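Since the structure comes first, as structure tokens, the remarks are kept for the end.
The values are calculated or read from the model by the stated rules, or taken from the named source; none is laboratory data. Quantities reported herein were computed from a predicted structural model and do not represent experimental measurements. For neighbour counting, all protein chains shown are included, and Cβ atoms are generated from backbone atoms with ideal geometry for every residue, glycine included. Protein only, heavy atoms only, side chains kept; ligands, DNA and RNA dropped before computing areas. Shrake-Rupley method; radii C 1.70, N 1.55, O 1.52, S 1.80 Å.
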Amino acid sequence: MALSDFLPDDWRDATLLGRVDFGDGPTPVLVRGGRIEDVSRIAPTTSDLMNAFAPGAAIPAGADLGPLEALDVRPVWENPDGAAAKLLAPVDLQVLKAAGVTFAVSTLERVIEERARGDAAEALKIRAQLADSMGGDLRGVNPGSEGAARLKETLIKGGLWSQYLEVAIGPDAEIFTKGPTLSSMGWGDQVGVRSDSHWNNPEPEVVLLCDGSGRIRGASLGNDVNLRDFEGRSALLLSKAKDNNASCAIGPFFRLFDDGFGLDDVRSAEVTLKITGRDNFVLDGHSNMSLISRDPAVLAGQAFGKQHQYPDGFVLFLGTMFAPIQDRDTAGQGFTHKVGDRVRVATPKLGVLENEVTTCDVAPPWTFGVSALIRNLAGRGLL
């Protein structure tokens, strides 16, 4: 397979930002006009590059590395030992942030997780109860509005209120830190679920790229791997459910905003998901960004402002409407991952992010942190 098969349909007309390890360490690259450029001498990190140039400003040409098709990168399941380079997650110093409970379907699934306390069988009963009680649909509710406040009172009286509904229809969105800086996985790598989790799933999402001034500069695809049993037992276990070794993937590149791609394309994106297991199990799903409860710009605005700044920039997972309830092994037990699952997240204007599932304790330990990056860049004369 060729890397170009995983890029946006119009990738030759797009400006793509990424990171590649050619053997000596992370190198920020731009893909423009179908060719790849090493821009490390312009800015040593993708964070620096976004901070150095304002939106719409021309970024000078980097060192030409030839046509993208000549870049030899391969996924881990295709024996990458002979590959000349490794495609990394397209973020470095940016903080990894995520917005949760941003779609009606996923909101109801969070309520179900909370009430089921991690029991997938009990979740089936609660899902039916919610559907009968409130129609199972929050799409017509504007978060923070008077109508949302009235719905809240109605649900409280009916004993159906939840902390998840608070962030779904209340004035404040759920914005949390997905993982530490530099911890995300890239295209073609493994993603991890905890070996002691028995109910988990991928979360296919669009990810915004924001600079140190909070300006949205582009978008990519992400997999915000989630442990439903952990978070279902208690919302205070969110860190254990979300922040684990190899539990975050972004890629293959960030597509930067320009005349041919902007925030409206994010708002209208149809994100598809395909999971293929070694047991021949196949699951297909989709997430339509037009159904998001809060506009992406509103979510980015709640992540950054006078209360909180990120001088190196941040990325923001926008949430997913995908809620996997298809039974995999036993009727009523729903879906959960198995080692070896291939997870494919795609949308035409951002490309394809594909990863293979393993357990967090088996995935290679994370050893390349901020201090290692600084030493590496200094050793290469880039600082």
Original post:
Using a probe of 1.4 angstrom, how much of the accessible area of region 227-374 is carbon and sulfur, in percent?
Top reply: 54
Original post:
Along the charge dipole of region 321-379, which of 334, 321, 347 sits closest to the positive end, that is, farthest toward it, with unit charges on the beta carbon of Lys, Arg, Asp and Glu (+1, +1, -1, -1)?
Top reply: 347
Original post:
Sorted by accessible area with a 1.4 angstrom probe, largest first, how do 367, 15 fall?
Top reply: 367, 15
**OP:** Calculate how steeply helix 120-134 sits against the longest principal axis of the alpha-carbon atoms of the chain, using the helix alpha-carbon long axis, and give the answer as 0 to 90 degrees to the nearest 10.
**Re:** 70
**OP:** Compute the length gained on full extension between residue 125 and residue 378: take 0.36 nm times their separation in residues and subtract their Cα-Cα distance, giving the result in nm to one decimal.
**Re:** 85.3 nm
Subject >> In nm, spacing of pseudo-spin labels at residue 282 and residue 57 (7 Å Cα→C-beta vector) >> reply: 4.9
**OP:** Starting from the residue with the highest accessible area, list 146, 114, 78 in decreasing order, probe 1.4 Å.
**Re:** 146, 78, 114
Original post:
What relative contact order, as a whole-number percentage, does the chain give when Cα pairs under 8 Å and 6 or more residues apart are counted?
Top reply: 23
Original post:
Could you give the angle, 0 to 90 degrees to the nearest 10, between helix 370-379's Cα long axis and the longest principal axis of the Cα atoms of the chain?
Top reply: 10
Original post:
On average, how much accessible surface per residue is there in region 246-344, in Å², for a 1.4 Å probe, leaving out ligands, DNA and RNA?
Top reply: 42
Original post:
Where does helix 146-157 land angle-wise versus the long Cα axis of the chain, in degrees 0 to 90, nearest 10?
Top reply: 50
